[in-house]
1. With a 1.4 Å probe and all protein chains in place, put CYS281, CYS198 in order of accessible area, largest first.
2. Among SER135, SER276, what's the order by accessible area (1.4 angstrom probe), most exposed first?
3. Would you kindly find the accessible area of ASP44, with a 1.4 Å probe and non-protein molecules such as ligands, DNA and RNA excluded, rounding to the nearest 10 Å²?
4. Please give, to one decimal in nm, the separation of the simple spin-label points placed at ASN2 and ALA373, each 7 Å out from Cα toward the Cβ.
5. Heavy-atom accessible area of HIS328 with all protein chains present, probe 1.4 Å, nearest 10 Å²?
6. Over the stretch 162-215, what percent of the accessible surface lies on carbon and sulfur atoms, probe 1.4 Å?
7. Determine the order of ARG280, ARG236, ARG3 by accessible area, beginning with the largest, at a probe radius of 1.4 Å.
8. Among CYS198, SER61, SER487, whose Cα projects farthest towards the positive end of the dipole of the chain, with charges put on the beta-carbon of Lys, Arg (+1) and Asp, Glu (-1)?
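The values are calculated or read from the model by the stated rules, or taken from the named source; none is laboratory data. Quick caveat: nothing in here was measured; it's all calculated off a predicted structure. Note that each Cβ is placed from the backbone with ideal geometry, even for glycine, and that neighbours are counted across all protein chains shown. All accessible areas refer to the heavy atoms of the entire protein, side chains included, with ligands and DNA or RNA removed. Shrake-Rupley method; radii C 1.70, N 1.55, O 1.52, S 1.80 Å.
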Amino acid sequence: MNRISHWIDGAVREGNSGRTAPVFNPATGEQSADVDLASDEEVDSAVATALTALPEWRATSLSRRAEVMFHMRELVDANRKEIASLLTAEHGKVMSDALGEVARGLENIEFACGVPHLLKGGYSEQAATGVDVYSIRQPLGVVAGITPFNFPAMVPMWMFANALACGNTFVLKPSEKDPSASLLMAELLAKAGLPAGCFNVVQGDKVAVDRILDHPDIAAVSFVGSTPIAKYVYERGTTAGKRVQALGGAKNHMLVLPDADLDMAADAAVSAGYGSAGERCMAVSVLVAVESIADELVGKISDRIATIKVGPGSEPDNEMGPLITGEHRDRVAGYVERASGAGAEVVVDGRDGGDGGNGDGFFLNPSLLDKVAPGMEAYDDEIFGPVLSVVRVESYDDGLELINANPYGNGVALFTRDGGVAREFQFDVNVGMVGINVPIPVPVSYYSFGGWKASLFGDNHMYGPEGINFYTRAKVVTSRWPDPRTSAVDLGFPETR
Ligand code: NAD
């Protein structure tokens with residue numbers, strides 16, 4: 001059996017905790033590897049390495065740090081297929097989607113190449129007579145990232161690119177379900193010229209997470225995962241005095257108004273609902289249809305579902321792969337099974353032929369539930385699978401009210417041809433990322449990514465300008481170079497300007 005280990009001080013380090021977890025190929029259901037699960041001592045060793053590497057990396061010139069990011073950009077670009085193949089093998093997503101994940105991650109490295117510009121401070125000459133004031137942003141120290149299974153390459157890149165470029169050293173705790181991409185990224189960073197010890201990977205579970213949250217030498221934690229764990233990470237990490245940004249789960253709504261192009265809306269709902277088997281935090285999981293067009297829209301969506309090709313992600317024609325584990329597949333299928341008993345209408349049941357014709361793989365075909373309403377578990381829970389729920393509303397106002405009453409606020413989309421209503425929507429909706437005729441409005445890397453309400457705990461959004469803020473702290477210097485002969489004792493605040 002393959003073994004997936006840690007990366008500490010510039011090399012693979014085999015675990016010695018005696019604990020491992022199985023890693024599966026979701027398309028076959030077979031175990032492909034054992035991943036080490038770090039002990040407290042192994043986390044401590046990674047943090048100690050990062051702390052040792054910190055002074056030199058922090059003192060490395062901005063232009064050299066940018067150069068390392070430029071090299072990393074070239075290496076990720078040259079290794080797109082290798083990274084994507086690992087994602088398909090362990091996550092299950094189809095290759096085209098995996099390549100898209102790499103591309104969206106790469107954007108963040110490209111953004112970090114501009115770090116000399118991003119870290120420019122302000123300067124006020126002659127703030128008082130003979131006094132200049134200037135601001136600088138300095139790295140925090142050793143920072144950690146804890147990442148989810150659904151984007152094993154992109155989400156780490158959201159974090160480490162800016163963190164390293166700003167002069168921090170980094171400890172990554174990837175998802176134990178698909179850990180291999182983290183090691184390939186560690187190798188590429190080493191090839192890019194990042195000194196040993198600046199980027200470390202500890203494979204692990206709750207034990208490693210808890211040690212990271214409590215570790216006195218870790219200054220900040222970036223987390224992406226489900227809402228209950230995000231809340232836990234935020235509370236425990238901040239209690240330990242750390243800066244924490246913890247991005248949680250989602251229930252993304254797509255509101256379709258009667259004037260929308262319904263074919264375009266149906267294409268978007270199917271793409272955003274079932275892409276990556278619905279295992280995206282920005283997946284559309286609730287279609288909010290104004291009653292007058294609901295029947296027609298549901299019909300167009302179910303027509304399209306019938307043509308989706310489900311199968312192993314490694315086969316180029318397939319559009320949707322398996323779910324991450326057999327347990328998760330069964331959990332998702334349970335929502336479909338119980339939906340009609342709760343009052344919903346099962347328009348398409350993905351459990352029919354649910355193995356995608358692929359034996360023991362963790363496949364579940366797309367499902368469409370109509371007449372879903374708040375209070376039903378299919379509406380209230382984040383299902384995180386290929387299940388799209390349709391909620392019917394009477395009007396735009398009812399749709400907006402529904403969306404704003406939802407406890408999550410990650411992404412939302414509006415489909416309309418009325419620019420005035422779209423503007424009203426973006427003004428009034430209580431959601432962090434809004435798409436106007438765009439179903440998955442993931443911001444480009446020079447903006448920042450973050451939801452509202454139960455989708456984010458903390459003050460800073462992820463990556464982009466807010467990422468730079470998160471991984472640095474401000475210092476303001478007030479300086480003067482007076483003639484010592486004019487010096488005198490003065491116990492007061494200056495009265496004159
Ligand atoms: P998860 O919360 O189960 O795991 C995330 C990380 O936390 C993993 O590294 C895992 O090892 C660790 N973890 C799990 N249980 C823990 C515990 N009890 N104590 C401490 N650490 C623990 O999430 P997941 O299933 O890997 O990923 C899917 C979830 O992530 C979905 O809810 C999805 O919406 C969310 N997500 C959110 C975003 C976003 O940007 N808001 C992006 C991607 C995924």
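1. Per-residue accessible area, sorted high to low, gives CYS281, CYS198.
2. SER135, SER276
3. Accessible area, nearest 10 Å²: 50 Å².
4. Placing both labels 7 Å along Cα→Cβ, they lie 4.9 nm apart.
5. It works out to around 30 Å².
6. 53
7. Largest accessible area first, the list is ARG3, ARG236, ARG280.
8. My answer, from the dipole projection, is SER487.
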